[in-house]
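Below is one structure, written out as C-alpha cells; comments come after it.
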Amino acid sequence: MAQLTREQKQQYDEQGFVLLRRLLQPEELRPLIHEIEAAVEKLGREYQAAGRLQSLHEGHPFQTRFIKMVEQCPAIYPELTGSRLMGPALFQLLSHPKLVDIAESIVGPEVHCEGRHRLRPKLPNYEAADFRWHEDTLYQARRITYVEQQFGLGATDPKRNGTVMSRIVAAPQMAEPGFWIPLVDVDETNGCLEMLPGGHRHTPPYDRQWDPSLFVPQLEGLMPVAIPMQVGDALFIHQHCPHNSPPNRSDHIRWSVDIRYQDGRLPIKSAREPGFLARSRERSSEVVTTYEGYVRIREAAAAFARTPGIRL
C-alpha cells in the first residue's frame, strides 16, 4: 500500500500539505489526457456545427488547442471546467489505489471519493482561470448541512426503500483531504500552486468539540511557498490549508485535476455531487468499481435535482 510515511504524515499535520513526487507514472495519466483531447474535439465539432466556431485548430497540441477555441468563442470555456467532464479514464484516476491508499492515511479505512472533483484548464492570461487565496472548505461558525442519500439503486434493489434522502444531520467536523494533480509540468510561469505552510492550523482538530471564539484565524507571519511539479507528482492538501493559483503567464494551458476524499461512514458532502464509495471493509459490496456504476449515481443525482420542489 502507498500510505503516507511517518515523516509525510508529520509534514501534512504540521504544514497542511505534502508533495508526493512520482506518486504516479506519467503513462498512467495519458488515458485521461486522451479523454480530454477527445472532449475538446467533440465540443469543437458541436460548436462548429452550431456556427459558433470557425476553426477546429486541429494542428494544435493538447497544451494549446483549447486556447484557440476559447479565443474564438469564450462560451466554450466552461464546458471543460469543474466536474462536467466524466469518462472511464477520469474514474480510473479517482479510484486509483495509490490515491485511495494515501487518503486512507487520513480518513480511515472507509474511503468515499467526493463528487466535487474538478478539471482545471488554466488558460494563459485568462482571469476566469485564476484563483486567489482560499481554503477548499470554509471555516465557519456554523457549517452547511450534510445530506446522506441513496443513489444508483435499481427499481428492484432490495436496499431501495422508496426515499432518496435518507437523513439530514448537523455538519460534522471531518477530514476532507484532497489531491491536486497536474497533467503538464508546472512552475511559477504557468501557475503552479502557492501554499501557505501551517495556515491550516487556525482551525480546530477534527476530534474536538469546537468553540469558534477559541479558534480565531491567525495567519500573520506565514510565508507562501511555490510548488513546482512534474507530470506524475501529486500535491496532497489539508482542506483548510490556504493556497493560491496565480496567473498563467506562459503560452500554454496548465491542465490539472482536483480530487477530494472523506470518511465513508460520515454523511456525504454534496447532494448534487454525491461521489462514490471507493474503499470499504464494512460495506465492500457497495464499493463502486466501474465507470458505469458511477455514471448511474451521477444520473440519479441529476434526476433528483430536477424534481419539482427540490432545491439542493
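Just so you know, all these numbers are worked out from the coordinates, no wet-lab data involved. Not measured: the values here are computed from a predicted model. Methodologically, a virtual Cβ is constructed for each residue, glycine included, from the backbone with ideal geometry; neighbour enumeration extends over all protein chains shown.
Other residues within the sphere of radius under 12 Å centred on the Cβ of Ala103, judged by their own Cβ, net out at -3 (K and R +1, D and E -1). The calculated FRET efficiency for the pair Glu27 and Arg306, based on their C-beta separation and a Förster distance of 41 Å, comes to about 0.55. Checking every one of the trypsin sites (Lys or Arg not before Pro) in segment 1-83 against DSSP loop status and a limit of 11 other Cβ atoms within 10 Å picks out Arg21, Arg22. Residues Val287, Val186, Val40, ranked from the fewest to the most other C-beta atoms within 10 Å, line up as Val287, Val40, Val186. All other residues whose Cβ lies under 11 angstrom from that of Ile237 are scored, Lys and Arg at +1 and Asp and Glu at -1, for a net of -3.
Within the same chain, lysines fewer than 8 places from Lys9 are excluded, and of the rest, those with a Cα less than 28 Å from its Cα are Lys98, Lys269. Residues Asp263, Asp251, Asp101, ranked from the fewest to the most other C-beta atoms within 10 Å, line up as Asp251, Asp101, Asp263. Computed from the C-beta positions of Glu194 and Glu292 and an R0 of 45 Å, the FRET efficiency is 0.70 to the nearest 0.05. Cross-link reach is defined here as a Cα-Cα straight distance under 23 Å, omitting same-chain residues fewer than 8 places apart; for Lys42 the lysines meeting it are Lys68, Lys122.
Taking a Cβ cut-off of under 15 Å around Glu28, the surrounding Lys, Arg, Asp and Glu residues balance to a net charge of 0, with basic ones at +1 and acidic ones at -1.
How much length is gained if the chain between Gln230 and Glu14 is pulled fully straight, taking 0.36 nm per residue apart and subtracting their Cα-Cα distance, in nm to one decimal?
Values: separation 216, 0.36 × 216 = 77.76 nm, distance 2.40 nm.
Length gained, Gln230 through Glu14: 75.4 nm.
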